[in-house]
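The next block holds one structure in the form of structure tokens; read it before the comments.
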Amino acid sequence: MNQLFVGIDVGSRNNAVYLMKPDGEKHSSFRMQNNRGGAKMLTERIVSAIQSQGLEGVVIGMEATSIYGDSLVYALREDGKLGQYPRKIHVLNPKLVNKFKESYPELPKNDDVDAFVIADKLRFGRIGKEVYMDDYRYKALQTLTRARFYAVQDLTREKQRFANYLFLKCSGIAQDKDIANTSATTLALMERFETVDELAFADLDELTAFIDEKGRNFADPAAKAKAIQAAARNSYRLPVTVNNSVNQAMAVSIATMRALEKQIKVLDKAIEQQFKIIPNTLTSIPGIGKVYSAGIIAEICDIHRFRSQASVAKFAGLVWTQHQSGEFEAQDRKLIKSGNRFLRYYLLEAANSVRRCDSEFRRYYDLKYKEVNKHQHKRALALTARKLVRLVFRLLKDNRLYKPPEG
């Protein structure tokens, strides 16, 4: 098919556009505003180029640039004039574009050149899946699942910050593996006791009652209270001024963690509500749950876009690089750096949950865990997620429920 190739370098205010003929020659280049009027001008230019050159269709590409290109994609998908021609719209990983640009060592760095490189990348082909916009239910769900992803990442970072503050204030508790750094009990203790000495020499009965109330699930709160006091007594002591500043920082960190946890719960409910209108069979897998299923389906969208489970795995970035030279081949291989990080995250989280609930996945995880002496959990979980991809693909492709293996 003779196609027009359109590279767009997206900016918050303006977009640089490069129209390339099928033979690689330049048709035209121009700037457009990143708004509704600019999108209309772009489609008119594309349609004019297709007609004047006697072409059959168009391939449009742009780099993934946060949310700045999303509205443009919607406009291109919804435009009736452009819709009369076969078209594909690709949102490219910036790393892939940069690697491709390395084959042109003399090119300067500016928006017009970047638009040319994107167009040429489209012409050479070997592009991943085009952005899926045929069913906006998936995009609506994706907005929620990605918001949850970012909230979880923020919570993880905040927990690490709090762990640092905890070591400053009470290093013994931070070092004790039996005391969770960000558990409800630890947070309550840090809020209740201003200094480590107050905690270390608190009345044991009162401390036991406090821990029993805040922890609620300790089999022996008295033993836990003794362990906490022992850890407090072995902790460093801070100067009063420094201790006060640490308390203030901890208070902010605790408030942030609680706020993020509430946000995640709100998003989980919204995801479950949106997920009701998308038929699926993934929730039949033990342990996967609605939220993780929604996160997977929001990124995969229509499973029929993919030829095989291997293409889904590559789309998720669950593929390992090969390092081979002559007769040597490295055994320690890394995951590819490209791929959909949101899909990879939800597959890994789902695999970690499923392996606890399903005997087949548990056996597989344990087997892979014992095969190596380093990166055991990380490697075993990635391989388990790769195994889960095969199951996800088959269930969605055949539209059938999961039946756990017997025994």
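Please go through segment 237-247 and give me each residue that is of a type outside the set (A, V, I, L, M) and loosely packed, with under 11 Cβ neighbours inside 10 Å, ordered by number. Break it down into steps so the answer makes sense when it comes.
Of the residues in segment 237-247, the ones of a type outside the set (A, V, I, L, M) are 237, 239, 241, 243-245, 247.
Within segment 237-247, Pro239, Thr241 qualify.
When you look at Glu191, is it open to solvent by 60 Å² or more (accessible area, probe 1.4 Å), within 15 Å of Ala163 (Cα to Cα) and part of a helix (DSSP H, G or I), yes or no? Here the answer is yes, as Glu191 does meet what is asked. Against the list (1) open to solvent by 40 Å² or more (accessible area, probe 1.4 Å); (2) within 34 Å of the chain's Cα centre (by Cα), the condition Ile278 fails is (1).
Matching residues to (1) under 30 Å from Pro86 (Cβ atoms); (2) open to solvent by 30 Å² or more (accessible area, probe 1.4 Å); (3) not in a helix (DSSP H, G or I):
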| position | (1), (2), (3) |
| --- | --- |
| Leu122 | yes, no, no |
| Phe167 | no, yes, no |
| Ile179 | no, no, yes |
| Ile211 | no, no, no |
| Phe218 | no, yes, yes |
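Say whether the condition of being free of Cβ contacts under 8 Å to residues at least 40 places away in the same chain, part of a strand (DSSP E or B) and not aromatic (Phe, Trp, Tyr) is met by at least one residue in segment 48-63. Within segment 48-63 (the criterion being free of Cβ contacts under 8 Å to residues at least 40 places away in the same chain, part of a strand (DSSP E or B) and not aromatic (Phe, Trp, Tyr)), the answer is no, since none of the residues qualifies. When we screen Ala151, Ala174, Ala163 for residues that are among the small types (Gly, Ala, Ser), open to solvent by less than 40 Å² (accessible area, probe 1.4 Å), over 24 Å from Val6 (Cα atoms) and without any contact (Cβ under 8 Å) to a residue 12 or more places away in the chain, the only hit is Ala174.
Look at segment 222-234: where a residue is touching a residue at least 60 places away in the same chain (Cβ under 8 Å) and over 15 Å from Asp203 (Cβ atoms) and a partner is among the polar types (S, T, N, Q) and open to solvent by less than 40 Å² (accessible area, probe 1.4 Å), sitting 6+ places away or on another chain with Cβ atoms under 9 Å, you get Ala231/Ser171; Asn234/Ser171. Only one entry in Phe193, Phe218 is over 28 Å from the mean Cα position of the chain (by Cα) and modelled with pLDDT of 95 or more, namely Phe193.
The condition (being open to solvent by less than 20 Å² (accessible area, probe 1.4 Å), small (Gly, Ala, Ser) and not in a strand (DSSP E or B)) is satisfied by just one residue among Gly38, Gly7: Gly38.
Summed over segment 15-47, residues that are touching a residue at least 40 places away in the same chain (Cβ under 8 Å) and under 30 Å from the mean Cα position of the chain (by Cα) total 4.
From Glu198, Glu158, grab the single residue that is acidic (Asp, Glu), within 30 Å of Asn340 (Cα to Cα) and either at pLDDT 95 or above or assigned to a helix (DSSP H, G or I) (or both).
Working: Glu198 fails: within 30 Å of Asn340 (Cα to Cα).
Just a single option satisfies the conditions, and that option is Glu158.
Taking the numbered list (1) within 30 Å of Ala270 (Cβ to Cβ); (2) among the charged types (D, E, K, R); (3) touching a Pro at 6+ places or on another chain (Cβ under 7 Å) in turn, Arg77 passes all entries but (3).
Restricting the first member to segment 383-405 and to residues that are outside any helix (DSSP H, G or I), and the second to residues that are hydroxyl-bearing (Ser, Thr, Tyr) and surrounded by fewer than 14 Cβ atoms within 10 Å (Cβ to Cβ), the beta-carbon pairs closer than 8 Å and six or more apart or on different chains are Pro404/Ser359; Pro405/Ser359.
Rundown of residues vs (1) of a type outside the set (A, V, I, L, M); (2) over 13 Å from Gly7 (Cα atoms); (3) open to solvent by 70 Å² or more (accessible area, probe 1.4 Å), yes/no style:
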{"site": "His27", "(1), (2), (3)": "yes, no, no"}
{"site": "Ile50", "(1), (2), (3)": "no, yes, no"}
{"site": "Gln53", "(1), (2), (3)": "yes, yes, yes"}
{"site": "Gly57", "(1), (2), (3)": "yes, yes, no"}
{"site": "Glu63", "(1), (2), (3)": "yes, no, no"}
{"site": "Asp70", "(1), (2), (3)": "yes, yes, no"}
{"site": "Lys88", "(1), (2), (3)": "yes, no, yes"}
{"site": "Leu96", "(1), (2), (3)": "no, yes, yes"}
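The C-beta contact set for segment 302-318 (first residue within 12 Å of Leu388 (Cα to Cα) and open to solvent by 40 Å² or more (accessible area, probe 1.4 Å), second residue assigned to a helix (DSSP H, G or I) and not hydroxyl-bearing (Ser, Thr, Tyr), distance under 7 angstrom, 6+ apart or interchain) comprises Gln309/Val389; Gln309/Arg390; Gln309/Phe393. On the basis of being assigned to a helix (DSSP H, G or I) and of a type in the set (S, T, N, Q), does Ser71 make the cut? When the stated conditions are applied, Ser71 passes them. Quick one: in segment 10-55, of everything that is touching a Leu at 6+ places or on another chain (Cβ under 6 Å) and polar (S, T, N, Q), which residue is nearest to Tyr68 (Cα to Cα)? For segment 10-55, the residue satisfying everything is Thr43.
The values are calculated or read from the model by the stated rules, or taken from the named source; none is laboratory data. Quantities reported herein were computed from a predicted structural model and do not represent experimental measurements. Using ideal geometry, Cβ is built from the backbone for each residue, glycine included, and neighbour counts are taken over all protein chains shown. Accessible surface areas use protein heavy atoms only, side chains included; no ligands, DNA or RNA. Shrake-Rupley method; radii C 1.70, N 1.55, O 1.52, S 1.80 Å.
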